[in-house]
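The values are calculated or read from the model by the stated rules, or taken from the named source; none is laboratory data. A quick note: this is a predicted structure, and the numbers were derived from the prediction, not measured. Methodologically, a virtual Cβ is constructed for each residue, glycine included, from the backbone with ideal geometry; neighbour enumeration extends over all protein chains shown. Only protein heavy atoms, including side chains, enter the accessible area calculation; ligands, DNA and RNA are left aside. Shrake-Rupley method; radii C 1.70, N 1.55, O 1.52, S 1.80 Å.
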Amino acid sequence: MWIPFKRIRCQCTFCGNAWRIPRRRILRFERFFEIKKGQPFVWERHDCHEGVVIPGTYKNIHGEIVKACPERSRRVDPKTLDPDTEVMRF
């Protein structure tokens, strides 16, 4: 089966709603916001205004594999975000 573009599963930390966003859209936002190497890309969900969107496993613009799973080395845990993590609002 041919898939025209890869989708990344994203989940809201407040309501738990999950959906799939095209990878190219997330990479464009990383370039637009000038995400630094090693910095996770998380953003505030505009629907519920309470949660933060955590993308699933993907390769970012710097070639690093970003994983949302807590057992991996570079992780983004939705329950305990690092206070230094910058949350994008758009």
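Key figures for this structure:
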item: Asp84/His62 FRET efficiency (R0 25 Å; Cβ-Cβ; nearest 0.05); result: 0.90
item: Hz values of 3J(HN,Hα) by residue in segment 23-29 - Karplus curve (6.51, -1.76, 1.60), Gly and Pro given as x; result: 4, 4, 5, 5, 5, 4, 5
item: List Arg7, Arg28, ordered by accessible area with a 1.4 Å probe, largest first; result: Arg28, Arg7
item: Computed magnitude of the charge dipole of segment 1-59 (debye, nearest 20; Cβ of K, R +1, Cβ of D, E -1); result: 480
